[in-house]
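See structure below.
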Amino acid sequence: MQNFRLLELFYRIHRRLFRRLVGQLQGLSGAEMMVLWKTNKRGSYRVTDLAQEICISPSTLTGILDRLVERGLLERFPDPDDRRAILLKGTPLLKDFIRQAMILLDQELAKIFGAMPASDYRRILEDLELLLKYLEQKGDGYGRARDKDGSR
């Protein structure tokens, strides 16, 4: 039961952080922001790989992509290596959007964690990094371990 308590804590922390941060996301959902963040970080993504990585169904991702393409942040194009696959790529607008969003998110996170003593913050950060390191050694459930930056 203690393990489920840990999952519950992660879930509650995640929800509370996203509720506080959603105002800084310029009308985007957490899933939309994650799609933008990952695409910007990697440069391009196969749609099916991205859906698997962020744990949402391809049909759900299609709706998200439709909205982000309409906003001019992403573009879709055929994968030259597989004519059945679609690749995503950020537009020039995406880089500026991510830069601005990160400034706003960083300011909000500074408010959230600013009341916490620095030693507590460092301890939590170190413990979470240790947990991630342990989980990465065990793989991600798809038979492959992740790199330090979370990619495969």
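The values are calculated or read from the model by the stated rules, or taken from the named source; none is laboratory data. Computed from a prediction, not measured in an experiment: that's the story for all the values here. Counting neighbours? That spans all protein chains shown, and the Cβs are built from the backbone with ideal geometry, glycine included.
Tell me, yes or no, whether region 128-139 has at least one residue that is more than 19 Å from LEU17 (Cα to Cα), modelled with pLDDT of 90 or more, surrounded by fewer than 13 Cβ atoms within 10 Å (Cβ to Cβ) and of a type in the set (Gly, Ala, Ser). No, because not a single residue in region 128-139 is more than 19 Å from LEU17 (Cα to Cα), modelled with pLDDT of 90 or more, surrounded by fewer than 13 Cβ atoms within 10 Å (Cβ to Cβ) and of a type in the set (Gly, Ala, Ser). Taking every residue in region 69-95 that is in contact (Cβ under 8 Å) with a residue 40 or more places away in the chain and closer than 11 Å to VAL47 by Cα and pairing it with any residue that is surrounded by fewer than 14 Cβ atoms within 10 Å (Cβ to Cβ) and of a type in the set (A, V, I, L, M, F, W, C), at least 6 positions away or on another chain, the pairs with Cβ-Cβ distances below 6 Å are LEU87/PHE77.
Is it the case that LEU50 is under 15 Å from the mean Cα position of the chain (by Cα) and either modelled with pLDDT of 90 or more or small (Gly, Ala, Ser) (or both)? Yes: the conditions hold for LEU50.
I'd like to know if region 34-48 contains one or more residues that are out of contact with any Lys or Arg (no Cβ under 9 Å at 6 or more places or on another chain) and small (Gly, Ala, Ser). Among the residues of region 34-48, not one is out of contact with any Lys or Arg (no Cβ under 9 Å at 6 or more places or on another chain) and small (Gly, Ala, Ser), which makes the answer no.
Just one of the listed residues (ALA85, ALA101) is modelled with pLDDT under 90 and touching a strand residue (DSSP E or B) at 6+ places or on another chain (Cβ under 9 Å), and it is ALA85. Consider region 26-74 and keep the residues that are farther than 11 Å from LYS89 by Cα and β-branched (Val, Ile, Thr). The one that is surrounded by the most Cβ atoms within 10 Å (Cβ to Cβ) is ILE64.
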